[in-house]
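Reviewing the structure listed below.
The values are calculated or read from the model by the stated rules, or taken from the named source; none is laboratory data. Computed from a predicted structure; not experimentally measured. Cβ sites come from the backbone with ideal geometry, for glycine too, and all protein chains shown count toward neighbours.
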Amino acid sequence: MQRNSLIHGAILALLFGGVPAAADPLPSPSPSPVAEFSSGPADAALPEAVRRQIETLRDQVARAPEDDELRRRLAIACHGALLREEAVEQFEILARRKPDDPRALLDLALAYGSGARLDDAAATYQRLLVVAPGHPVALHNLGNLAYKRGDATTAIAWYEKAIESKPDYLIAWYHLGDALKLGGRFRDAYRAYESVLEREPRTPEELDAYNDSLYKLASLDLAMGAVDRARSMLEELLRANPEHGSAHYAYGQVLLRLGRSDDARRAFDRHAAIQARKAPTSPMATEE
C-alpha cells in the first residue's frame, strides 16, 4: 500500500472525525478570508455539483461568519475538491478561534500536510500533543512525516509511542514495520507486520494494510529463502484480494524458485494486466 494512499484516503475520514509543541502562535488571519474567494479557474474545473456545493457554503459562511461548523464544512469541501489554500485558510481560522480544541488542530495539521506544508504540519501536531498528550493520531502522523524525510530512527520512535498510546492501532503497526525495514531491522519489521495480522481490520484502509502486510511478510520470507512460507502467504492474500498486483509479481518469483515457469509467466502476466488498468496519478505530497 503506497504511503500517500494511506494518507490521502484517510485525510477526509480523519477530518470528519473529531480529534497534538511549542506554543507558537498560529499564522495571522488573511484579510476577508471568505469573501475574497469567488469562482475562478480552479472552481471552473470542478464538477458542477461540487462547485455549487462550495459556492453555497461560501455564501452561508459569509452570512454567518461566527458559525464554526459551517466554516468547517466549507473547509472540508474545499479540501476534498483540492482547493487546498482555501481549505487551509478556513482551518487556520478555526484553530485560532479554538486553540485548545484537538479536532481543530488535527484538521489543520492534516490540511497542512496535504498541501506539502510539512513543517507547519509537524508544528501543529506538536501543539496538539500539548493539548492532548498521547494523542495516537498525532504521534502516528509525526512518524509519517519523519518517514517521508527518510529518518527511520525518528519514525520508529513516533510509531512506537502511538502504539503505546493505542496498542490496537493497526495502521501504526503497519507503518512501524515499514520504518523498521527502512532502518535495516528486518526481523523487527517482520514481527511488526505479524502484529498487524493479529488485529482485525475495521476500515478499508486497515484492510489494505492487513493485506499488504501479508505481501511484505512474504517478500521478507522470499528474501530469506523461506519459499514455501512465502507461497502460502501469497496464496492466502490472492484468495482475499485477487487484484493485488504486487502479490502476483511476488508469486511469480516464488513459482520461478519452485521451477514452475509456465505458472510464473501467468502470474507475471496477471501483474502486468492489473498495472495497466491503474489510472496514472500525479505525484503530490499528502499527509497521513
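Just a few scattered comments:
- Qualifying residue in the stretch 206-221 (condition: at negative phi and in a loop (DSSP other than H, G, I, E, B)): no
- Qualifying residue in the stretch 236-248 (condition: in a helix (DSSP H, G or I), of a type in the set (Asp, Glu) and closer than 19 Å to residue 174 by Cα): yes
- Evaluation of residue 60 against (1) of a type outside the set (A, V, I, L, M, F, W, C); (2) more than 20 Å from the chain's Cα centre (by Cα); (3) closer than 21 Å to residue 171 by Cβ (one fails), failing number: (3)
- Scanning the stretch 134-158 for residues that are among the hydrophobic types (A, V, I, L, M, F, W, C) and closer than 18 Å to residue 119 by Cβ gives 138, 139, 142, 145, 146, 155, 158.
- Among residues of the stretch 238-257 being of a type outside the set (S, T, N, Q) and in contact with a Ser or Thr (Cβ under 9 Å, 6 or more places away or on another chain), the one that is nearest to residue 181 (Cα to Cα) is 250.
- Taken together, the criteria exclude residue 69 from residues that are surrounded by 13 or more Cβ atoms within 10 Å (Cβ to Cβ), part of a helix (DSSP H, G or I) and modelled with pLDDT of 50 or more.
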